[in-house]
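Student: Have a look at this one.
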Amino acid sequence: MAKTYLQVQKQIEQLQKEAEQLRNKEASGVLSRIKEAIAVYGFTAADLGFGSSTGRGAVVKEATAKKGRKTKKLAAASGAPKFKDDQGNVWSGRGPRPVWFKAALEAGKSAEELLAK
């Protein structure tokens, strides 16, 4: 039996509702994983490409146009970072302590040892 236009429209409407429910369910899981990664690695809005990193001393990763490599550069407005580690992580000393800084302190390093020179 052939479907009518109205039947097809109802089916489309049902499929769109189902698709929206699946999207919301999947998005919830993705958002949870993103939040976990942010907490574990201490990403900031600037690290993720949101907002302005000016004056924060944050490390900003930029993709180079030619080879797709990632380079690191310091936000220029705040001057040199106050703290840094051997892996290239930096912190201006302002705002909450980043995860890498806390981990270094827990591993036995002192804040003085992490001072940028």
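What follows draws every value from the coordinates through simple rules; no lab data is involved. A quick note: this is a predicted structure, and the numbers were derived from the prediction, not measured. In this analysis, Cβ positions are derived from the backbone assuming ideal geometry, glycine residues included, and neighbour counts consider all displayed protein chains.
Student: Return the distance in nm (one decimal) between the two label points of a simple spin-label model at R94 and K25, each offset 7 Å from Cα along Cα→Cβ.
Tutor: That separation, rounded to one decimal, is 4.6 nm.
Student: Moving on. Explain nothing, just compute: Karplus ³J(HN,Hα) = 6.51 cos²θ - 1.76 cosθ + 1.60, θ = phi - 60°, for every residue of region 98-105 in order, whole Hz, x for Gly and Pro.
Tutor: Karplus values, whole Hz, x for Gly and Pro: x, 4, 4, 5, 4, 5, 5, 5.
Student: Can you give the FRET efficiency for A103 and R33, using 1/(1 + (r/R0)^6), R0 = 35 Å, r = Cβ-Cβ distance, to the nearest 0.05? Intermediate results must be reported in sequence, preceding the final value.
Tutor: On the way: r = 21 Å, r/R0 = 0.59.
Plugging the Cβ-Cβ distance into 1/(1 + (r/R0)^6) gives 0.95.
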